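**Student:** Questions regarding the structure given below will be posed in turn.
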Amino acid sequence: MSMFDWSKECKTMKIPIIAGNWKMYKTHKEAFQLASALKQKLADVDRTKVVLCPPFTALASVKEAIEGSHILLGAQNMHWEEKGAYTGEISPQMLLTIGCKYVILGHSERRSYFFETNETVNLKVKSALEFGLIPIVCVGERLEEREANKTEQVIEDHVRGAFKDLAADLVKRCVIAYEPVWAIGTGKTATPSQANEVHLFIRELLSSMFDKDCGQDVNILYGGSVKPENSKELLEMSDIDGALVGGASLDAESFEKIVRSAI
Ligand code: PEP
C-alpha cells in the first residue's frame, strides 16, 4: 500500500466539526433510523461538518442512510495493520471501503479499558493517514491528574506520543479532540474558559513541535458532556473548533440542536 497523497486533497477552509461518538449503542437498524432522522433534520446544514461514528456493525447502514447528504461517516477505532491474523480487529482499508472519512483514535475509554498507549495511538494515526482517513485523536487528563496540576504534562505526553515522527503537513490534516476524562459521560463539563485554555496550550505545543502554522491549522474539538444547554457557549470560544459528542449524539433532537449551535 503506497502512502495516500494528501497534497491532492484540497485543504478545505476551517469550518466547525460536530462529531457524534455513538460508542457501543445502536443496533444496525436503530442506527439506520437515527442517521435517517439526522439526514432529514440537517438537510440545510452545509457549513458545519457533521460526522457520525456508529459502532462497526452499523457503519454500512449509516452510510446508506446518509447517502446524498453532507453528513460524513467515521469509525471509533481501527487496527494499524492493513490486514492479517488479528482476530476481532478492523483495518483502515475496511473502514475506507465502507465509506469512512474519519476515525476516532485514542479515546480515553480505549486507553483505560483496552490498554491503548501513546505508542499504539501513534501507530494508528500514521496508518490512518497512510490510507487517507482523518484521525480524530483524543487527548485528556483524568481528575486526579488535573487536581495534581498535571493537566499540561498529560496533554503534552498524549500529543507528543500521538504525532511522533510525523511531518507537519500530515499533522495539519488531523483533528484533535480535547476530552477531559472527568467530563466524559459524567454530566460535568469543563467551563468554556477551562477548555479554551487547554486548546490554546495544544496549539502552542503543536507550533513548537512542527511549524508555526500548525497550532492554528489543526482543528481542535472539545468533548465531555456537551449538550444543547452548553454547546453554544463552548463553541463560541476562540480556540474551540467543534465538538465530539457522546451521550447527546444518540438522540436526533439534541444532536441537531448542538449542530445548529455551531452555525
Ligand atoms: C465521548 O465519548 O467522546 C464523549 C465526549 O462522551 P459524552 O459526551 O457522553 O461525555
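**Student:** Could you give the length gained on full extension between Lys150 and Phe114, defined as 0.36 nm per residue of separation minus the Cα-Cα distance, in nm?
**Tutor:** Numbers: separation 36, 0.36 × 36 = 12.96 nm, distance 2.29 nm.
Result for the pair: 10.7 nm of gain on full extension.
**Student:** Mind jotting down the distance between the C-alpha centroids of region 71-103 and region 115-165, whole Å?
**Tutor:** The two parts, judged by their Cα centres, are 19 Å apart.
**Student:** Here's something else I'd like to know. With +1 assigned to the C-beta of every Lys and Arg and -1 to the C-beta of every Asp and Glu, and no other charges, what is the dipole magnitude of region 16-261 about the Cα centre in debye, to the nearest 20?
**Tutor:** I would put it at about 580 debye.
**Student:** Within the chain, which is the longest segment containing none of the GluC sites (Glu not before Pro) that sit in a DSSP loop and have at most 12 other Cβ atoms within 10 Å?
**Tutor:** Longest gap between qualifying sites, sites excluded: 68-235.
**Student:** Okay, which of region 1-42 sit inside 19 Å, backbone N to the point 7 Å along the Cα-Cβ direction of Asp211?
**Tutor:** Those under the cut-off are 5-14.
**Student:** In whole Å, largest first, what are the principal axis extents of the Cα atoms in the chain?
**Tutor:** 45, 44, 36 Å, listed from the longest principal axis down.
**Student:** Is it possible to state the helix-based mean residue ellipticity at 222 nm for the chain, with each DSSP H run of 4+ residues giving -39500 (n - 2.57), the sum divided by total residues, to the nearest 500 deg cm²/dmol? What is it?
**Tutor:** My calculation for the chain gives -11500 deg cm²/dmol from helical runs alone.
**Student:** Can you tell which of Gly247, Leu234, Val218 lies farthest toward the positive end of the dipole of region 137-263, using +1 and -1 charges on the Cβ of basic and acidic side chains (Lys, Arg; Asp, Glu)?
**Tutor:** The residue sitting most towards the positive pole is Gly247.
**Student:** Could you work out the longest stretch of the chain that avoids the chymotrypsin sites (Phe, Trp or Tyr not before Pro) located in DSSP loops with at most 16 other Cβ atoms within 10 Å?
**Tutor:** In short, 116-263.
Taken together, the values in this text are just the output of simple stated rules run on the coordinates, not laboratory data. Computed from a prediction, not measured in an experiment: that's the story for all the values here. Because the Cβ atoms are built from the backbone with ideal geometry, glycine has one as well, and the counts that use them run over all protein chains shown.
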